[in-house]
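Peer 1: Below you will find the structure I want to go over with you.
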Amino acid sequence: MYNLDIGVIIPLENLLENGVQELKDLGLNACQLNGWNSEYFTEENAKKIKTMIAEHDIRISSLWVGWPGPRIWDFIDGPSTLGLVPKEFRFERMEALKKGADFAKLIGITDITTHVGFIPENPSTTEYMETVMIIRDVAQYCKKLGLYFNFETGQETPITLLRTIQDIGLDNLGINLDPANLLMYGKGNPQDAVDMYGDYIRGVHVKDGLYPTDGRRLGKETPVGEGMVDFPVLIQKLKEHNYNGALIIEREISGPQQKEDILKAKALLEDILEKL
């Protein structure tokens, strides 16, 4: 049996307002916090969360830190609106990520995670070199706090992400593997990507999806087990690479169906882990 914590993504404001009830309802003891609004990154809120997770023995795998400004999740406007790549948004987004790092330190967790945007595939361009410098600045800030800076996968090919990590050259860089994103952005086969990313993987989103069918829109997200991610193979590969982090279920819909799909994903994961 392969013993890994199974968790779910919880918005920071939800945890502060409702406590751990959502996790209890799902029968889970782990989560990834999702924080898009830096106004919540206060010492008071950090103390509240520390008390909460201690009382209920909850594991927070990382803080997913969002950033201000426009965000359009497609192939046309995505490159100019997402992450740290677009020049006009870099400074305020760097500051948001640093505030998130400060908050993660206050909570007592070791990792922050984010999408850095569509990293340029051509490493010889000025845009690529500037992106590397900007990410290095944020990652160095995290390093001083004793934190890992994790890239969520999907908006770049696996080899581009590896090259970026190597060019940044710091030892506190990690990867949050989102297998569905690799498919939905048309960037790679997630099972093969595990072997490419190897020991850099510090987090995993359990999300499923399909390859895109046109050049403008991402592929479709599906319930776990109904898309193209081969989770038995993927989790076996994670085991081979000695992954010991959490499996964080992500289902990007809302309402009762979201809870139903999360519970189905949980059951599927438990079955896979039992057999390994």
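Peer 1: Name the residue that is surrounded by the most Cβ atoms within 10 Å (Cβ to Cβ), counting only residues in segment 245-270 that are more than 15 Å from Gly7 (Cα to Cα) and over 17 Å from the mean Cα position of the chain (by Cα).
Peer 2: Only one residue fits best here, namely Gln257.
Peer 1: So for segment 97-104 (the condition being part of a strand (DSSP E or B) and either touching a Gly at 6+ places or on another chain (Cβ under 9 Å) or among the aromatic types (Phe, Trp, Tyr) (or both)), does at least one residue qualify?
Peer 2: no
Peer 1: Check Asp195 against each of (1) in contact with a Pro (Cβ under 6 Å, 6 or more places away or on another chain); (2) farther than 21 Å from Leu84 by Cα and name the one condition it does not meet.
Peer 2: (1)
Peer 1: List pairs: first residue in segment 76-101 and farther than 15 Å from Ile134 by Cβ, second residue part of a helix (DSSP H, G or I) anywhere in the structure, Cβ distance under 7 angstrom, at least six positions apart or on different chains.
Peer 2: Correct list of pairs: Lys99/Ser38; Gly100/Ser38.
Peer 1: Looking at (1) under 18 Å from Gly203 (Cβ atoms); (2) out of contact with any Lys or Arg (no Cβ under 9 Å at 6 or more places or on another chain); (3) of a type in the set (S, T, N, Q), which is the one condition that is false for Asn150?
Peer 2: Result: Asn150 fails condition (2) only.
Peer 1: Name the residue that is surrounded by the fewest Cβ atoms within 10 Å (Cβ to Cβ), counting only residues in segment 146-164 that are hydroxyl-bearing (Ser, Thr, Tyr) and part of a helix (DSSP H, G or I).
Peer 2: Just the residues of segment 146-164 that are hydroxyl-bearing (Ser, Thr, Tyr), to begin with: 148, 153, 157, 160, 164.
From what is left, the residues that are part of a helix (DSSP H, G or I) are 160, 164.
Working: Thr160: 19, Thr164: 21.
By that ranking, first place goes to Thr160.
Peer 1: Same structure again: Right, Leu276: exposed (fewer than 15 other Cβ atoms within 10 Å of the Cβ), of a type in the set (A, V, I, L, M, F, W, C) and in contact with a Phe, Trp or Tyr (Cβ under 8 Å, 6 or more places away or on another chain) or not? Give the steps one after another, and end with the answer.
Peer 2: Values: exposed (fewer than 15 other Cβ atoms within 10 Å of the Cβ): yes; of a type in the set (A, V, I, L, M, F, W, C): yes; in contact with a Phe, Trp or Tyr (Cβ under 8 Å, 6 or more places away or on another chain): yes.
Considered against the rule, which asks whether it is exposed (fewer than 15 other Cβ atoms within 10 Å of the Cβ), of a type in the set (A, V, I, L, M, F, W, C) and in contact with a Phe, Trp or Tyr (Cβ under 8 Å, 6 or more places away or on another chain), Leu276 comes out as yes.
Peer 1: I would also like to ask the following. I need the full set of residues from segment 175-205 which are surrounded by 17 or more Cβ atoms within 10 Å (Cβ to Cβ) and either touching a helix residue (DSSP H, G or I) at 6+ places or on another chain (Cβ under 6 Å) or among the charged types (D, E, K, R) (or both), in order please.
Peer 2: Ile175, Asp178, Pro179, Leu182, Lys187, Gly188, Pro190, Gln191, Ala193, Val194, Arg202
Peer 1: Still on this structure, I have one more. So which residues in segment 21-46 are assigned to a loop (DSSP other than H, G, I, E, B) and surrounded by fewer than 19 Cβ atoms within 10 Å (Cβ to Cβ), if there are any at all?
Peer 2: If the condition is that a residue be assigned to a loop (DSSP other than H, G, I, E, B) and surrounded by fewer than 19 Cβ atoms within 10 Å (Cβ to Cβ), then Gly27, Asn29, Trp36, Asn37, Thr42 are the ones that fit.
Peer 1: Checking Glu121 against (1) surrounded by fewer than 24 Cβ atoms within 10 Å (Cβ to Cβ); (2) farther than 19 Å from Asn181 by Cβ, only one condition comes out false. Which one?
Peer 2: Every listed condition holds for Glu121 apart from (2).
Peer 1: When you scan segment 47-62, do you find a residue that is of a type in the set (Val, Ile, Thr), without any contact (Cβ under 8 Å) to a residue 24 or more places away in the chain, within 20 Å of Arg93 (Cα to Cα) and not in a strand (DSSP E or B), even just one?
Peer 2: no
Peer 1: Given the criterion out of contact with any Ser or Thr (no Cβ under 7 Å at 6 or more places or on another chain) and surrounded by 18 or more Cβ atoms within 10 Å (Cβ to Cβ), identify the matching residue among Ile76, Ile58, Ile109.
Peer 2: Ile58
Peer 1: When the residues of segment 230-244 are filtered to those that are aliphatic (A, V, I, L, M) and closer than 16 Å to Ile175 by Cα, which remaining residue is surrounded by the most Cβ atoms within 10 Å (Cβ to Cβ)?
Peer 2: Ile235
Every number here is computed from the coordinates shown, using simple stated rules; none is lab data. Keep in mind it's a predicted model, so treat the numbers as computed, not measured. For neighbour counting, all protein chains shown are included, and Cβ atoms are generated from backbone atoms with ideal geometry for every residue, glycine included.
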